[in-house]
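Following: one structure in structure tokens, then a few remarks.
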Amino acid sequence: MANERPETILVVEDEPALLDTLEYNLVRQGYRAVTAADGITAVERARQEQPDLILLDVMLPRMDGLEVCRTLRREMNVPILMLTARDDEIDKVVGLEVGADDYMTKPFSMRELMARVRALLRRVRLMREEMAVSASEEAALKAEAERLVFGDLVLDLVRREALLGKSPLPLKPKEYELLVFLARHRGQALSRDVILERVWGWDYAGETRTVDVHVRWLREKIEDDPGRPARITTIRGIGYRFEG
């Protein structure tokens, strides 16, 4: 989208001509390019700019690229594409081991470099989208775990409060616990014995009639017509079912 900020790429290179060429091509592709010509400056700029990607030369003054990579990897998850004039396999292995995501040997094709930049940034965008979706799902699950909503009837499990049309219901503790238990088992036929055991406890010495009395009290508070209940229905010969 036109209003989205351009992705920022930090270019770390001590050869002025190559640094200018990389900056020019990245800007032409629509990226925001920031630069550094030595390792110490690279670390400082990365911390300041929080770039979306880093192009990092290995041979740098003041602090080499491997140490820069190792330092930044401890602080951020930004993708790092390392550049080097050496084509030694051991250098590539070391670069990847200290946290680089990709590796290119000079001289390289600018077209190939841009393709790798796009691929790395695409991967980052996908990861961020997946994290956003996961966070959204987690928030939804958390909200669901904290509130049970059935039309104008809301059970706030954190506040231990029941609302009907935004007005708090004056429920006794056992009425609230019974309502929450029924609501969490929406659509299930629950016997009086099961309800008594789960809400009052297995060691409760009272009779199942206690359940009937509390259901009647609940109906008087949450049903439009307690004589013809729509939310808590009676299952003949078994017990009750919460319809929501």
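A few remarks follow.
- Count - residues of the range 200-229 that are modelled with pLDDT under 90 and in contact with a Pro (Cβ under 8 Å, 6 or more places away or on another chain): 0
- Residues of the range 157-195 that turn out to be of a type in the set (Asp, Glu) and over 16 Å from ARG241 (Cα atoms), as a count: 1
- Selection count, the range 202-229, where residues are within 17 Å of LEU190 (Cβ to Cβ), part of a loop (DSSP other than H, G, I, E, B) and within 42 Å of the chain's Cα centre (by Cα): 2
- Put simply, of THR21, THR35 the only residue that is assigned by TED's automatic domain parsing to the domain that holds LYS106, in a strand (DSSP E or B) and not hydrophobic (A, V, I, L, M, F, W, C) is THR35.
- Selected residue (only one of ILE238, ILE232 is in contact with a Lys or Arg (Cβ under 7 Å, 6 or more places away or on another chain), of a type in the set (Val, Ile, Thr) and assigned by TED's automatic domain parsing to the domain that holds LEU182): ILE232
- Any hit, the range 47-54, residues being modelled with pLDDT of 90 or more and within 18 Å of LEU18 (Cα to Cα): yes
- Residue in the range 83-96 that is aliphatic (A, V, I, L, M), assigned to a helix (DSSP H, G or I) and modelled with pLDDT of 95 or more present: no
- Failed condition for ARG186, given (1) assigned to a helix (DSSP H, G or I); (2) in contact with a strand residue (DSSP E or B) (Cβ under 9 Å, 6 or more places away or on another chain): (1)
- Residue that is touching a strand residue (DSSP E or B) at 6+ places or on another chain (Cβ under 8 Å) and under 18 Å from GLY165 (Cβ atoms), where the choices are ARG241, ARG231: ARG231
- Residue in the range 51-62 that is assigned to a helix (DSSP H, G or I) and either more than 19 Å from SER109 (Cβ to Cβ) or among the β-branched types (Val, Ile, Thr) (or both) present: no
- Test for ARG219: is it in contact with a Phe, Trp or Tyr (Cβ under 9 Å, 6 or more places away or on another chain), assigned by TED's automatic domain parsing to the domain that holds LYS174 and touching a residue at least 12 places away in the same chain (Cβ under 8 Å): no
The values are calculated or read from the model by the stated rules, or taken from the named source; none is laboratory data. Everything numeric here is computed off the predicted structure, so don't read it as measured data. When we count neighbours, we look across all protein chains shown, and the Cβ atoms used for this are built from the backbone with ideal geometry, even at glycine.
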